[in-house]
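The values are calculated or read from the model by the stated rules, or taken from the named source; none is laboratory data. Computed from a prediction, not measured in an experiment: that's the story for all the values here. Please note: Cβ atoms are built from the backbone with ideal geometry, for glycine as well, and neighbour counts cover all protein chains shown. The area values use the complete protein model at the heavy-atom level, side chains included, leaving out ligands, DNA and RNA. Shrake-Rupley method; radii C 1.70, N 1.55, O 1.52, S 1.80 Å.
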Amino acid sequence: MDSETRLFGDQAMTLVNEARRSNAAGTLSKYNDPLVRAVCREMRTLDTDLSRITSEYEIDDSQVPDGVMAAASFYHVALRRNKRCVLAYQNHRIEKLKELYWGAAGSLVHLLGDSEVRTRLSPHEVDFLRTYNEIVQEFRGDFEDILDVVGDVAIPPKELNVVVRVVRECGTIQTELGPIDFQKGQRFMVRRADIEQLITQGFLEIVR
Amino acid sequence: MALDLSDEESSRVRLNRRPRPTDSTLYGSELPSFDTNIRSNPSYGRPSVADVSFASANMVDLDDEGLYGEGEETTVRALMRRWIDERLAPDLLPWQGELVGEILERLQSQNEIVVTLQGNANTTEEEHFAVMLVQTEVERIKFVLRSYLRCRLQKIEQYTPYILATPDVQRNLSELEQNYVQRYGDLIGRHFQQTTLDQLPAHMHSLAEEHPNTPSMITEPNKSKAVFFFVRDADCPPMALPGGKSIELKKGSIHLAQYRLVEDFLRNDSVELV
């Protein structure tokens, strides 16, 4: 992008648009580190310019000409707007990360082990997920043995047992009826509660 | 619910007897009412819930008294009501600690009975069938409870800065949730600081800037949201409307109003959201 023809806030708007597109498509795009940095740099430049303009009139503000006043306000608004745009972008990222986290039934290993997802995250975002996981697990621990807070909340269970098809191999799993070795393509009749996590994580699929 | 195994009869599931409230069989009048209540009150029109099968209610000889209409509210029925309220209210409602504790306790004891019966060689086929029904009910009640907790967590995350700045709202949280909101608040604060704010000019580091003509950076629950509510109390005081008028709230009637008007009625249990 040619920096000469760029307007204030154009880059920040690009971030917001990226977030909007990502929401509409329901996917997480790669963390746009260069753009976030560029917007922050633009803000620092604007701030320097702004202080230079205002510093000349700091002693007695009644003498500030209208033109300077207008320019200063404009810079100030541009700054605030950029800040909101970047924060909106970061917030959107957090929301998406949490969505992925709950979608993976609270399994961080599963989520971060997916290299496709991992490459789209910034190091800060990986840290965020780690700490978030700690917080959620602590909450979950309080209901241990009786209720798994991280389980599915979208579809109420209608039956105790379900027939599942193995979509991806996931090895031997302990169930109420003993260990079952889930091999791709096989079908099993199992206790729903035993394998709920595997369904959310995409290993098994319910056959209806 | 103590289970005395020396007495064969008492550990049996009595399919053909009407359970008395003090009965220590698998079916206290609690669990099956999960279904019947949804059916009996047409205002619970959420399809995903009303859709759950009625198998257990139909196959087991149920004591229907008290399930329809007047009778006292069962624990499960109370949980359903709190759950629906929570899901429909824009703000966090007071935490139902006692209720949740009781439900958890009952889930635990039902589970113990199921395990004992399953491990007992004398358990008849009929009883095994009944155990399966109980397990299904337990799973479904767990679903409601989980959904209730998750719904609250979702609101807590959405309004974290607002909750942290408003002691009145914090009182509606359980201890566990208060800890959660503190830690989550720290987490997002730190994340924003590290990813963005640290790179900005020093005077722009705050996450709660207030400027004229700009929406606040702290998201608050939208209390102007319109909600449908059902009047539970026979002697509910009339609702004062903003224009100075007021409407009478007759028991069993359903109205539509802004949440801020309904809030107090909801708190003292005289209405429920539908």
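Which whole number gives the average, over all residues in B:148-158, of C-beta atoms from other chains lying within 10 Å of the residue C-beta?
On the way: counts 1, 7, 6, 1, 0, 5, 3, 0, 0, 5, 1.
Per-residue shielding by partner chains comes out at 3.
Find the percent of Cα-Cα distances in region A:2-102 that exceed 21 Å, and round it to a whole number.
On the way: 2290 of 5050 pairs.
Counting pairs separated by more than 21 Å, the tail of P(r) holds 45 percent.
State log₁₀ I(q)/I(0) for region A:60-208 at q = 0.12, 0.14, 0.16 Å⁻¹ as given by the Debye formula over alpha-carbon point scatterers of equal weight, solvent excluded.
Each listed q corresponds, in turn, to -0.66, -0.82, -0.99.
Measure nothing but the geometry: give the 0 to 90° angle between the long axis through the Cα atoms of A:66-103 and the longest principal axis through the Cα atoms of chain A, rounded to 10°.
Once rounded, one gets 10 degrees.
Could you compute the FRET efficiency for A:Q183 and A:V126, with r as their C-beta to C-beta distance and R0 at 30 Å, rounded to 0.05? Could you put the intermediate results ahead of the total?
Working: r = 32 Å, r/R0 = 1.08.
Approximately 0.40, to the nearest 0.05.
Let's see if you can work this out: charge +1 on each Lys and Arg Cβ, -1 on each Asp and Glu Cβ, no other charges. What is the dipole magnitude of region A:161-206 about its Cα centre, in debye to the nearest 20? Intermediate results must be reported in sequence, preceding the final value.
Working: 6 positive and 6 negative charges, 32 e Å.
Dipole size: approximately 160 debye.
Could you tell me whether region B:129-274 comes out rounded, prolate or oblate from its Cα gyration tensor? Rule is a ≥ b ≥ c as square roots of the eigenvalues, rounded for a/c under 1.5, then prolate if a/b exceeds b/c, otherwise oblate. Write down the numbers at each step before the final one.
Working: a/c = 3.21, a/b = 1.33, b/c = 2.43.
Oblate is the answer for region B:129-274, as a/c is 1.5 or above yet b/c matches or exceeds a/b.
For the cross-link pairs A:K30/B:K225; A:K158/B:K225; B:K142/B:K250; A:K158/B:K250; B:K155/B:K250; B:K223/B:K250, which exceed 29 Å when the distance is taken from alpha carbon to alpha carbon?
Numbers: A:K30/B:K225 35 Å; A:K158/B:K225 33 Å; B:K142/B:K250 34 Å; A:K158/B:K250 36 Å; B:K155/B:K250 31 Å; B:K223/B:K250 24 Å.
A:K30/B:K225; A:K158/B:K225; B:K142/B:K250; A:K158/B:K250; B:K155/B:K250, as the Cα separations exceed 29 Å there.
Rank these residues by their accessible area, most exposed first, probe 1.4 Å: B:D85, A:D47, B:D168, A:D194. Before the final figure, lay out each step's value.
Values: B:D85 5, A:D47 30, B:D168 100, A:D194 55 Å².
The ranking, largest first, comes out as B:D168, A:D194, A:D47, B:D85.
Let me know the mean shielding of A:151-157 by other chains, meaning the per-residue number of their Cβ atoms within 10 Å of its Cβ.
Values: counts 6, 4, 9, 3, 3, 11, 7.
Per residue, the number of nearby Cβ atoms from other chains is 6 on average.
Step through the residues of region A:25-32 one at a time and calculate ³J(HN,Hα) from phi using the Karplus curve (6.51 cos²θ - 1.76 cosθ + 1.60, θ = phi - 60°), rounding each to whole Hz and writing x for Gly and Pro.
Per-residue couplings from phi come out as 7, x, 10, 9, 8, 5, 5, 8 Hz.
What is the distance in Å between the Cα centres of region B:224-265 and region A:56-135?
41 Å
Within a 10 angstrom radius of each residue's Cβ in A:139-147, how many Cβ atoms of other chains show up on average? Whole number is fine.
Working: counts 8, 1, 1, 5, 7, 0, 4, 10, 11.
Mean partner-chain Cβ count within 10 Å for A:139-147: 5.
What ranking of A:K96, A:K30 comes out by heavy-atom accessible area, probe 1.4 Å, highest first? List each step's numbers first, then the result.
Numbers: A:K96 15, A:K30 130 Å².
These residues rank, largest area first, as A:K30, A:K96.
Taking a ≥ b ≥ c as the square roots of the Cα gyration tensor eigenvalues, with a/c under 1.5 meaning rounded and otherwise prolate when a/b beats b/c, else oblate, which class fits region A:135-208? If you can, show how the numbers build up before the last one.
On the way: a/c = 1.86, a/b = 1.64, b/c = 1.14.
In terms of gyration-tensor shape, prolate.
I'd like the FRET efficiency for A:D145 and A:N17, computed as 1/(1 + (r/R0)^6) with the beta carbon distance as r and R0 of 51 Å, rounded to 0.05.
0.60
What dipole magnitude, in Debye to the nearest 20, does chain A give about its Cα centre under +1 on Lys/Arg Cβ and -1 on Asp/Glu Cβ?
On the way: 27 positive and 33 negative charges, 170 e Å.
That gives chain A a dipole magnitude of about 820 debye.
So if I place +1 on the C-beta of Lys and Arg and -1 on the C-beta of Asp and Glu, and nothing else carries charge, what would the dipole magnitude of region A:2-102 be about its Cα centre? I want it in debye, nearest 20. Mind dumping the intermediate values first?
Details: 15 positive and 15 negative charges, 170 e Å.
In debye, rounded to 20, region A:2-102 gives about 820.
As a test question: what accessible area, to the nearest 10 Å², does B:H205 have when a 1.4 Å probe is rolled over all protein chains in place?
Here the residue's solvent-accessible area equals roughly 60 Å².
How high is the FRET efficiency between B:H128 and A:E138 when r is their beta carbon distance and R₀ equals 51 Å, given to the nearest 0.05? Present the calculation step by step, with values, prior to reporting the outcome.
Numbers: r = 38 Å, r/R0 = 0.75.
Efficiency computed from Cβ-Cβ geometry: 0.85.
If I model a spin label at B:E72 and B:N120 as a point 7 Å from the Cα along the Cα→Cβ vector, what separation in nanometres do I get?
Going from the B:E72 label point to the B:N120 one covers 2.7 nm.
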